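J.: Shown below is the structure under consideration.
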């Protein structure tokens, strides 16, 4: 049975359509999505008892009022009331007997209602035109949730094929989370001076390397210690993670001289327009490690862009600088960047953080999608994310928008990945859980590509990166984030990102750091309780 037919049948039942064909119901029943109800109570069995009880209650109130009036009258005509056989005396006694009867009747009716209400009943079932009583099962509800955001893509697939794809994707997310847990167990005791929330994020990134957890952890630890010095430990984790992933993916080890150069860039990231700051440190690291020996070229483009638009966040300038390096002029990139800034500023979802806003606009600028389509997708992602978080996450919305999947499907993939992160006990807060789920989806759920302007071509529904002439090719770095199980390669279950840059740093800078703040100041966190 095709996915679209299953979804259509379930939706019709859910909406009360009585014309669903028996053949459709039989197929849904075989899949466990619909259950036939054998015994159905079409009417509430207590309704008649409740109606009778209401009549008794109303009559009882009337009798009580009549007795009260007779008692008041007896105070003025006591002799008349007391005389044997007087009409008032007889009336009072008759009303008293009636009140006692009604009281007893009320008790009996209430008991019957309680007894009847405890009998097994069936609710929310549908009586079809053919006389069958059916009800959607929990499995059916789950199928509706999984199919709804993916229906446009998988509607013509057989449901068994679709479930095979979903199981494969879920398996990738589970594999990554379990491997990350094993890496974290190695790193946490060795790097006890580092807040574990940063190590959890690094472990999720490193879990994309299909090697022994101890080997992966040892490589990360070696680079972490080589980069250590006067820097904050949290600020070199992203560099150690990036360099470890490069080496473990088959690139030559980074030598002491190159590490020393990276440290120099961290300390002295000025190049005429920048002051030293944590943001500059992290942006410079990624420029260096992703663009190989072309960092100076990228920085020259960044300088030109900064002259056109003052006070752009450094991470955003890095993205725009990479765009210029692919052949566009700073003026062209700046103009497109300005249009996307206008789109983001127009979103009515709270006050935007400047760095988050700028980097989101830069990511959108680097996309190959049509401007109007991309603006629409960004707005949709922002609105959906605004329902879950108290703060704007423009960079996350931009990352989701540039993925060529449906926005709803991407968010559901993040939900699936976040569920596996939670099952592996790799997160402690809601925003951290989302952050790590998003990181897994960015690493495994989409094939990163270089820009179409640089000559990359799609192949068999999956866009693959092409080598460049850089000393350390951008494609070599991007391939780190294309680690996806072989069984998924032919499924096209997730389409590629349109932006040819590593998302690792922008995730760490603008999403993970926000999750760290949320974790540190959460009302139940020890920092908050104990100061």
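Coordinate-derived values only; no laboratory data. Just so we're clear, the structure is a prediction, and the values are computed from it rather than from any experiment. Cβ: placed from backbone, ideal geometry, glycine included. Neighbour counts: every protein chain shown.
J.: May I ask for the distance between the Cα centers of segment 129-176 and segment 302-336, given as a whole number of Å?
T.: Using only Cα atoms, the two centres lie 44 Å from each other.
J.: Output the peptides 87-95, 211-219, 180-188 sorted from most to least packed, where packing is the average of other Cβ atoms within 10 Å over each peptide's residues.
T.: Per-residue mean Cβ counts within 10 Å order the peptides as 180-188, 211-219, 87-95.
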